[in-house]
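J.: Quick one: this structure, given as structure tokens, is what I'll be asking you about.
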Amino acid sequence: ERRGGLNRPHDKRGAVLVSAISGPSTTRGGPAGNWLGFGVLYIGLAAVALIHLRGDASAGRLNVLFLFFTVWASDIGAYAAGRLLGGPKLAPSVSPNKTWSGAAGGLLAAAAAGAAAAYVMAAAGTPAPTGRVLLVAGGIGVLAQAGDFFESWIKRRFDVKDSSSLIPGHGGLLDRLDGVLAAAPAAAVLGVLLG
């Protein structure tokens, strides 16, 4: 089908942004302009949270590294456990390849990243309560997986495979950052509450 100059199947990815800017959506739901506004808020909130986390003079770099390493550990652990163990699907209508074993593997990997961070911090002379670090890492792992599901749900809603073509073969840029986008605001709030 040729519509608006898009005649190749992979060009549909770019159509999401164009349709969001140009007017009402023909997909399930209301106007795509609402989605564009939400997207600006969602991404903007995560960006402000990352700036806030980095802004601490003494622990800013460690805050951001902790967040990224925990999210990456969750993603890798979920992928590895899901591929190795398989099992029942977590939410096949949203993301057909994700399994309960993958979710558990992601949570365990995030906690392991937290334990490693606590060990490194203690070795560097800035000990942190291990239990609290594990809880924070586990929470970040859960939020990272929720962000991954949310990104998958948005792509299904707009009937696209990739969120962009900036990183070919990886689902788009937002697929690489979906866990960070969801976890960063919560990490910033925790940073304020826990110090």
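The values are calculated or read from the model by the stated rules, or taken from the named source; none is laboratory data. Keep in mind that this is a model prediction, so the values were computed, not measured. Virtual Cβ from ideal backbone geometry, glycine too; neighbours counted across all protein chains shown. Each accessible area value is taken on the protein alone, full model and side chains, heavy atoms only, with ligands, DNA and RNA left out. Shrake-Rupley method; radii C 1.70, N 1.55, O 1.52, S 1.80 Å.
J.: Take the stretch 70-92 and flag every residue that is within 15 Å of the chain's Cα centre (by Cα), open to solvent by 50 Å² or more (accessible area, probe 1.4 Å) and over 16 Å from Ala182 (Cβ atoms).
T.: If the condition is that a residue be within 15 Å of the chain's Cα centre (by Cα), open to solvent by 50 Å² or more (accessible area, probe 1.4 Å) and over 16 Å from Ala182 (Cβ atoms), then Ile76, Tyr79 are the ones that fit.
J.: Given the options Ala59, Ala78, name the one that is at pLDDT 85 or above and within 30 Å of Pro127 (Cα to Cα).
T.: Ala78
J.: If you don't mind, another one. Can you pull out every residue in the stretch 172-191 that is modelled with pLDDT under 85 and open to solvent by 10 Å² or more (accessible area, probe 1.4 Å)?
T.: Scanning the stretch 172-191 gives Leu173, Leu174, Asp175, Arg176, Leu177, Gly191.
J.: Moving on to the next point. Quick one: which residue in Ser95, Ser101 is open to solvent by less than 40 Å² (accessible area, probe 1.4 Å), within 20 Å of the chain's Cα centre (by Cα), within 22 Å of Gly138 (Cβ to Cβ) and modelled with pLDDT under 85?
T.: The conditions single out Ser95.
J.: If you don't mind, there's one more thing I want to ask. Examine the stretch 149-158 for a residue that is in contact with a Leu (Cβ under 9 Å, 6 or more places away or on another chain), over 17 Å from Leu65 (Cα atoms) and either among the aliphatic types (A, V, I, L, M) or at pLDDT 90 or above (or both), and state whether such a residue exists.
T.: There is at least one residue in the stretch 149-158 that is in contact with a Leu (Cβ under 9 Å, 6 or more places away or on another chain), over 17 Å from Leu65 (Cα atoms) and either among the aliphatic types (A, V, I, L, M) or at pLDDT 90 or above (or both).
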